[in-house]
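Below is one structure, written out as structure tokens; the observations come after it.
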Amino acid sequence: VPSALCCPSRASILTGKYPHNHHVVNNTLEGNCSSKLWQKIQEPYTFPAVLKAMCGYQTFFAGKYLNEYGAEDAGGVGHVPPGWSFWYALEKNSKYYNYTLSVNGKARRHGENYSVDYLTDVLANMSLDFLEYKSNFEPFFMMIATPAPHSPWTPAPQYTKSFQNVSAPRNSNFNIHGKNKHWLIRQAKTPMSNSSIQFLDDAYRKRWQTLLSVDDLVEKLVKKLEVNGELDNTYIFYTSDNGFHTGQFSLPIDKRQLYEFDIKVPLLVRGPGIKPNQTNKMLVANIDLGPTILDIAGYDLNKTQMDGMSLLPLLRGDKNVTWRSDFLVEYQGEGYNGSDPTCPGLGPGVTHCFPDCVCEDSYNNTYACVRTLSASWDLQYCEFDDREVFVEVYNLTADPHQINNIAKTIDQEILEKMNYRLMMLQSCSGATCRTPGVFDPGYRFDPRLMFSNHGLRARRFSAQFL
């Protein structure tokens, strides 16, 4: 994902754009999450809006939309984004009980009775109803966005005893000090407290428990498509909006970081022309989902402003496909001017702090990375927009868990190439986001451009768009 946080990532899925082009930079209204500006400038051009208006699709949404959806300052639950024939959206952020849904713009309140209110099951039932009663004369698109496995990690009652022996993975980067990393990682306490470890293990287990209801939902939908005789003519995409860390580099539990555990998500696809049991190693991102679905619908992608690429040639196993070797990861940190009252010693600007004063985010946790994957290289190059202008570089072939920052030892020419490529990607839009990467044969490195006005790191997701 180009940004390891819910709202920017979901905006990338809907628009097919990097955050610097859709301008949703974090989970707040001020960060453009479901704001009036988002509604005016981006929502009319999301891929579901194109599907409905230009391709004749009936479209169905159920679940979590954007974190600030339903906020009074952004039109409340009466706002139904363009492009949706049927709209069942959760007000605000993730819940399992005691929530409000916008049902085609009308508020519907749910309580805490499992049989009628458990959100994952409610979404499943709404989806099954749509498949039962939809028109058979128009193609259909469904987007089902379960909050699970997001916090508060409330499993269905029948699954509360599952996975009793499961704990968070103890990879080589678990509960170790993040030396040679940016200051937010360095401030984590190592070793973690026993209470933090217990908390993250419990959370990890509950997340698995909540996913059992998602498994039930998927199974019911697949069976319904089969009964309807539509399974063999339907593409199914299964993915997530961001990863999640549980104890890596002694950060207790969250996302928002540049490392694989936060930016890497599952992607499973089945459908017409896709051979079963195959794995594709190409570098794909969630900005590719919109272009792919529009391509499936037969829409001319040249008519869009999307940064992503259609996966359809990869899914069908086409030979000689030209594909990217790198993509951009970018994030603008959240933080407040004041100090956290529970952790005054950390100074102003930090947020999402745990009881032992380990903070997961800050206003200057603002960075941009090039993630490169080619036949010869598996690298990540990152720059921070902080006083240090801190740089992190990882060779994931030798160091898959990103323990050793090699910024000071890597070949200078590679460093310069990736710095230049980062500047190119940070200012890209549409087709220019798909130009050859550092390790593509067609790439041409012109060091003079690094020192032009273009290269003065005027990057930034800039406040001018907000």
Q. Inside segment 28-68, can you point out the residues that are polar (S, T, N, Q), over 24 Å from Leu128 (Cα atoms) and modelled with pLDDT of 95 or more?
A. Asn32, Ser34, Ser35, Gln39, Gln42, Thr46, Asn67
Q. Any idea which residue in segment 106-121 is nearest to the chain's Cα centre (by Cα), counting only those that are hydroxyl-bearing (Ser, Thr, Tyr) and open to solvent by less than 80 Å² (accessible area, probe 1.4 Å)?
A. Thr120
Q. Which residues, taken from segment 28-51, are open to solvent by 50 Å² or more (accessible area, probe 1.4 Å) and either aliphatic (A, V, I, L, M) or touching a residue at least 40 places away in the same chain (Cβ under 8 Å) (or both)?
A. Glu30, Leu37, Ile41, Tyr45
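Where in segment 367-435 are there strands (runs of 3 or more DSSP E), lying fully within it, with 1 or more residues that are without any contact (Cβ under 8 Å) to a residue 60 or more places away in the chain?
378-384, 391-395
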Q | Residue count for segment 181-209, restricted to those that are modelled with pLDDT under 95, open to solvent by 70 Å² or more (accessible area, probe 1.4 Å) and in contact with a helix residue (DSSP H, G or I) (Cβ under 9 Å, 6 or more places away or on another chain) | A | 1
Q | The lone exception for Asn165 - which of (1) farther than 30 Å from Tyr99 by Cβ; (2) in contact with a helix residue (DSSP H, G or I) (Cβ under 8 Å, 6 or more places away or on another chain) it fails | A | (2)
**Q.** Residue among Ser102, Ser94 that is in contact with a helix residue (DSSP H, G or I) (Cβ under 8 Å, 6 or more places away or on another chain), among the small types (Gly, Ala, Ser) and open to solvent by less than 20 Å² (accessible area, probe 1.4 Å)
**A.** Ser102
Q: Could you please find all residues in segment 314-333 being closer than 16 Å to Thr432 by Cβ and touching a Gly at 6+ places or on another chain (Cβ under 7 Å)?
A: Arg324, Ser325, Asp326
Q: Taking the residues in segment 279-299 that are part of a loop (DSSP other than H, G, I, E, B) and of a type in the set (Ser, Thr, Tyr) as candidates, determine which candidate is surrounded by the fewest Cβ atoms within 10 Å (Cβ to Cβ).
A: Thr279
Q. Is it fair to say Thr146 is under 21 Å from the mean Cα position of the chain (by Cα), open to solvent by less than 20 Å² (accessible area, probe 1.4 Å) and at pLDDT 95 or above?
A. no
Q: Hey, can you tell me all the residues within segment 321-354 that are of a type in the set (Val, Ile, Thr), farther than 30 Å from Leu311 by Cα and open to solvent by less than 20 Å² (accessible area, probe 1.4 Å)?
A: Val350, Thr351
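Just checking, how many residues over segment 205-246 are in a strand (DSSP E or B), under 16 Å from Gly271 (Cα atoms) and not β-branched (Val, Ile, Thr)?
So the count comes out to 2.
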Q | Selection count, segment 129-139, where residues are in contact with a Lys or Arg (Cβ under 9 Å, 6 or more places away or on another chain) and either more than 21 Å from Lys220 (Cβ to Cβ) or open to solvent by 40 Å² or more (accessible area, probe 1.4 Å) (or both) | A | 1
Q. Looking at this structure, is Gln332 under 25 Å from Leu373 (Cβ atoms) and out of contact with any Ser or Thr (no Cβ under 7 Å at 6 or more places or on another chain)?
A. no
Q. Could you list, in sequence order, the residues of segment 323-357 that are modelled with pLDDT of 90 or more and farther than 22 Å from Leu258 by Cα?
A. Trp323
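The values are calculated or read from the model by the stated rules, or taken from the named source; none is laboratory data. This structure is a prediction, so every number in the text was calculated from the model and none was measured. Note that we place each Cβ from the backbone using ideal geometry, even for glycine, and neighbour counts take in every protein chain shown. Ligands, DNA and RNA are excluded from the accessible area calculation, which covers all protein heavy atoms including side chains. Shrake-Rupley method; radii C 1.70, N 1.55, O 1.52, S 1.80 Å.
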